[in-house]
Amino acid sequence: MILRAQGNIMPSLSLEILRVATGTPTLLVRTDKAGIRGVRLKGVEIPTDRNGQLWVHYARRDPSIYVSAADVIDNTVPPAMLAGKLVLVGTSAGGLNDIKTTPVSRAMPGVEIHAQVLESVLSGAVISQPNYAFGVELIAALIIGLLVIIFTPNLGPVRLVLAGATFAAILIGVSWFFYTQYRYLIDFTYPLLSTTAVYLTLIFASFVREQRQRVQIRGMFAQYMSPVLVEQLAQSPEKLVLGGEEREMTIMFSDVRGFTTISESYKHDPQGLIALMNRFLTPLTDVIIERKGYIDKYMGDAIMAFWNAPLDDPQHEVNACEAAIQMLEQIDLVNKEREQEAADGGHVYIPLNVGIGLNTGVGVVGNMGSDLKKNYSVLGDSVNLASRLEGQTKEYGFPIIVGSRTALAAKDKFAILELDFIMVKGKTEPEVIYAIAGREDVMHSGAFQRLRNITIEMLGCYRNRDWQGALDAIERGRRSEDADTLEKLFRLYEARIREFQINPPPENWTGAYALLTK
């Protein structure tokens with residue numbers, strides 16, 4: 001009805017017509033703390049909202065109030081028809097872009113809207129939205145929202161729907177009452193929508209709580225099982241059967257070297273020993289799981305894990321080798337922390353050293369056990385060989401020893417060094433075993449290439465019974481850079497060669513060495 005334009009207070013067309021018609025020289029704008037309350041003329045007060053806007057009490061289009069401008073120009077309209085009336089000149093042609101849509105009419109000439117405003121003001125039928133209406137709507141929303149929060153957890157679905165329908169009917173009824181009796185606009189949609197939002201929020205919060213509970217349950221079981229397997233079993237419980245399937249997998253065994261000595265240092269502090277075990281088992285476990293492995297079991301300070309089950313992993317050999325290297329890196333970090341703690345505390349520091357055996361082969365994997373307790377595990381010759389390889393790490397001086405199939409699959413990603421051709425106890429077929437000395441950067445280094453060439457020469461002479469040639473290769477290896485890495489391997493072969501020089505192997509000897517221990 002009124003606005004500020006270029007520093008001046010300007011009335012709308014309807015308000016200006018009323019001002020002229022009532023002979024009011026000035027306009028009185030009434031305000032309060034919320035904003036504008038209304039505009040006052042001589043004998044007329046027009047209520048507005050706080051922005052000075054009038055809510056129009058629309059009626060349907062009434063053709064009887066229209067007079068053709070052409071008839072006026074032709075003097076065919078009786079003068080009495082226009083005498084004493086407020087006349088607005090406008091258009092009704094669609095092409096002149098003054099056709100408006102109202103709540104009760106799809107197409108109404110804009111000039112008639114001004115006429116309806118004038119009629120509403122002069123007849124006292126103006127709709128108003130008091131400035132306190134927003135406060136009423138807000139209080140209603142808060143009260144009903146609190147009721148929903150209180151009763152939603154205690155009501156069943158049917159009662160909750162009935163209660164919601166009752167609240168909605170009350171809101172609509174109160175709004176309609178004020179509209180029809182006092183022409184007040186109290187908007188029921190705000191408290192209704194806000195209450196619906198509160199209800200949906202409660203539903204969402206309940207859903208989140210249930211999901212959090214499921215996550216907690218999964219978290220508890222994940223301490224004993226792979227999270228991948230936990231999720232798989234949660235989605236498909238029928239997979240919990242006693243049985244198994246044959247799969248090609250990479251199996252890992254890891255064990256702490258000299259753990260007996262370490263545990264003896266904690267004989268007066270058993271809790272400290274448990275804390276130490278958790279301290280180094282946790283990062284090793286995290287590495288295995290991050291590299292898509294599955295923790296089969298813990299055996300004191302030892303870990304058994306495997307790859308490519310229960311889900312397929314086309315890179316299981318590479319992932320297992322990478323996990324083994326990362327495990328050694330984690331142990332180094334733990335050792336550095338423990339060494340510093342020992343220096344600060346003034347007690348003896350005994351480093352942790354881990355031996356890891358990896359082997360790839362076919363195994364039977366599945367839920368094995370009894371009706372009371374099951375364990376997702378793997379069985380087979382490949383598992384036994386992985387365990388034997390882990391035990392040989394202390395003999396060959398390398399912390400990671402792998403079988404031939406593992407080495408073949410990972411040879412392009414890691415620095416792999418052939419160690420021996422062995423016959424493990426309990427097996428009838430020999431196996432070529434390898435050490436993993438590092439990643440690709442180590443593989444391409446000059447020092448590793450020289451050591452590998454010396455090792456190849458030594459093994460070639462050894463298997464061809466050229467004992468002196470093998471000893472000469474060992475001596476050259478000891479004089480080379482980074483020879484300390486192979487010193488334990490050199491001593492092992494040197495001892496064998498000295499024995500064979502006294503007691504030569506049989507004529508049908510293939511170069512395989514039978515291990516007498518596991």
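What follows draws every value from the coordinates through simple rules; no lab data is involved. Note that the structure is predicted; figures quoted are calculated from it, not measured. Glycine gets a Cβ as well: all are built from the backbone with ideal geometry, and neighbour counts include every protein chain shown.
Points worth noting:
- GluC sites (Glu not before Pro) within the range 438-509: DSSP coil, no more than 15 neighbouring Cβ in 10 Å: Glu481, Glu507
- Using the Cβ of Ser263 as centre and a radius below 11 Å, the other residues enclosed give a net charge of -2, where K and R count +1 and D and E count -1.
- Whole-angstrom gap from the range 376-423 to the range 132-151, using each part's C-alpha centre: 71 Å
- Cβ-based net charge around Ile172, under 14 Å, with every Lys or Arg adding one and every Asp or Glu removing one: -2
- With a Förster radius of 35 Å applied to the C-beta separation of Asn375 and Met423, the computed FRET efficiency comes to 0.70.
- Shape call, the range 2-123: gyration tensor on alpha carbons, a/c limit 1.5: prolate
- Pairwise Cα inverse-distance average, inverted: Kirkwood Rh of the range 133-221 (Å): 14.7 Å
- Degrees separating the helix 157-182 axis from the principal Cα axis of the chain, which is the longest one: 30 degrees
- In sequence order, the range 7-16 has phi-based couplings of x, 10, 8, 10, x, 6, 4, 4, 5, 5 Hz under the Karplus curve 6.51 cos²θ - 1.76 cosθ + 1.60, θ = phi - 60°, and Gly or Pro positions carry x.
- Degrees between helix 487-502 axis and first principal axis of the chain (Cα, 0 to 90, nearest 10): 30 degrees
- Here the contact order of the chain, divided by its residue count and restricted to Cα pairs under 8 Å and six or more residues apart, works out to 9 percent.
- Modelled FRET efficiency - R0 35 Å, Ala512 with Ala343, Cβ distances, 0.05 increments: 0.15
- Which labelled figure in (i) 118, 28, 17; (ii) 94, 27, 24; (iii) 39, 33, 20 is semi-axes √(5λ) of the Cα gyration tensor in Å, once derived from the coordinates: (ii)
- Nearest 10 degrees, 0 to 90: helix 133-151 Cα axis against the chain principal axis: 40 degrees
- Paramagnetic reach from Arg60 (point 7 Å along Cα→Cβ, amide N under 18 Å) across the range 94-109: 100-109
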